[in-house]
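Peer 1: The structure follows.
The values are calculated or read from the model by the stated rules, or taken from the named source; none is laboratory data. The structure presented is a predicted model; accordingly, all values stated were derived computationally and were not measured. Here the Cβ is made from the backbone with ideal geometry for all residues, glycine too, and neighbour counts use every protein chain on show.
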Amino acid sequence: RKEVEQDPGPFNVPEGATVAFNCTYSNSASQSFFWYRQDCRKEPKLLMSVYSSGNEDGRFTAQLNRASQYISLLIRDSKLSDSATYLCVVNVRAGNMLTFGGGTRLMVKP
Amino acid sequence: DTGVSQDPRHKITKRGQNVTFRCDPISEHNRLYWYRQTLGQGPEFLTYFQNEAQLEKSRLLSDRFSAERPKGSFSTLEIQRTEQGDSAMYLCASSFWSYNEQFFGPGTRLTVL
């Protein structure tokens, strides 16, 4: 079983739609959680950190459920530029290695 | 450009050859990480350094792989006797020692024929 699991998609949605991605992680000792975005053939870039209380950054909302070891990302009012792969990432200890899920591919269509 | 840089960006080699990649981290960052990413998968951790000390190695890092960071600045990753299964994107990232965010370089794409 992979340490971080995601539905690979692709999720094909029209512009303006709301889309949600989920992720589960197996290591209960995980302390930090992130969503990274990766465009085709580019490096991953941090989209947002995920906090237990849930957090929002513009059209993006991330939530964490430690009891269920589950992380989510909600994108509202999808834009064409949101098309990318979204990587769920956990970290057992600050400064240590990141453990990535396989990514969920999103394609936003006009 | 003050981000993480990697060289070369692309490398094509024949099976059995040795290859070496270089990573230059963001200058103030004392932690440097190497990851490998194959098509359709997320990056997988290989190893990381704090300054010049190699603190952790993944079991993915077979004895054909070696990484160094001799002066705590740039790092090199060498693969000896390359195999077709080594074909992947090799990503370098850097961070401050206790900070969560890792900044990634553009990667070196290796193709082993």
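Peer 1: Can you tell which of B:66, B:87, B:73, B:95 is surrounded by 20 or more Cβ atoms within 10 Å (Cβ to Cβ) and either more than 13 Å from chain A (Cβ to nearest Cβ) or in contact with a strand residue (DSSP E or B) (Cβ under 8 Å, 6 or more places away or on another chain) (or both)? First the steps, then the outcome.
Peer 2: Numbers: B:66 fails: surrounded by 20 or more Cβ atoms within 10 Å (Cβ to Cβ); B:87 fails: surrounded by 20 or more Cβ atoms within 10 Å (Cβ to Cβ); B:73 fails: surrounded by 20 or more Cβ atoms within 10 Å (Cβ to Cβ).
Just a single option satisfies the conditions, and that option is B:95.
Peer 1: Here's a follow-up. Scan the range B:16-32 residue by residue and report those that are surrounded by 13 or more Cβ atoms within 10 Å (Cβ to Cβ) and either touching a Lys or Arg at 6+ places or on another chain (Cβ under 9 Å) or in a strand (DSSP E or B) (or both).
Peer 2: Hits for the range B:16-32 are B:17, B:19, B:20, B:21, B:22, B:23, B:24, B:25, B:31, B:32.
Peer 1: OK, next. Would you mind stating whether residue A:93 is among the charged types (D, E, K, R), within 30 Å of residue B:50 (Cβ to Cβ) and modelled with pLDDT under 95?
Peer 2: On the way: among the charged types (D, E, K, R): yes; within 30 Å of residue B:50 (Cβ to Cβ): yes; modelled with pLDDT under 95: yes.
The answer is yes for residue A:93.
Peer 1: Contact list please: Cβ distance under 7 Å, first residue in the range A:16-30 and over 12 Å from residue A:5 (Cα atoms), second residue basic (Lys, Arg) and not in a strand (DSSP E or B), pairs at least six apart or on different chains.
Peer 2: Taking only residues 6 or more apart or on different chains, the pairs are A:18/A:76.
Peer 1: Can you find a residue that is among the β-branched types (Val, Ile, Thr), more than 23 Å from residue A:33 (Cβ to Cβ) and crowded, with 16+ Cβ neighbours inside 10 Å anywhere in the range B:33-43?
Peer 2: So in the range B:33-43, the residues among the β-branched types (Val, Ile, Thr) come out as B:38.
Remaining after also requiring more than 23 Å from residue A:33 (Cβ to Cβ): B:38.
Still in the running and crowded, with 16+ Cβ neighbours inside 10 Å: none.
Scanning the range B:33-43 turns up no residue that is among the β-branched types (Val, Ile, Thr), more than 23 Å from residue A:33 (Cβ to Cβ) and crowded, with 16+ Cβ neighbours inside 10 Å.
Peer 1: Select from the range B:98-113 the residues that are part of a loop (DSSP other than H, G, I, E, B), within 14 Å of another protein chain (Cβ to nearest Cβ) and surrounded by fewer than 20 Cβ atoms within 10 Å (Cβ to Cβ) and list them in ascending order. Talk me through it step by step, then tell me what you get.
Peer 2: Let us first name the residues in the range B:98-113 that are part of a loop (DSSP other than H, G, I, E, B), namely B:98-102, B:105-107, B:113.
Applying the additional criterion that residues be within 14 Å of another protein chain (Cβ to nearest Cβ) yields B:98-102, B:105-107.
Passing the criteria: B:98, B:99, B:100, B:101, B:106.
Peer 1: Okay, next question. Assigned to a strand (DSSP E or B), within 13 Å of another protein chain (Cβ to nearest Cβ) and not β-branched (Val, Ile, Thr): is that true of residue B:6 in this structure?
Peer 2: yes
Peer 1: Follow-up question, since we're still on this one. Mind counting the residues in the range B:70-102 that are within 13 Å of the chain's Cα centre (by Cα) and farther than 17 Å from residue B:8 by Cα?
Peer 2: Residues that pass the stated criteria total 1.
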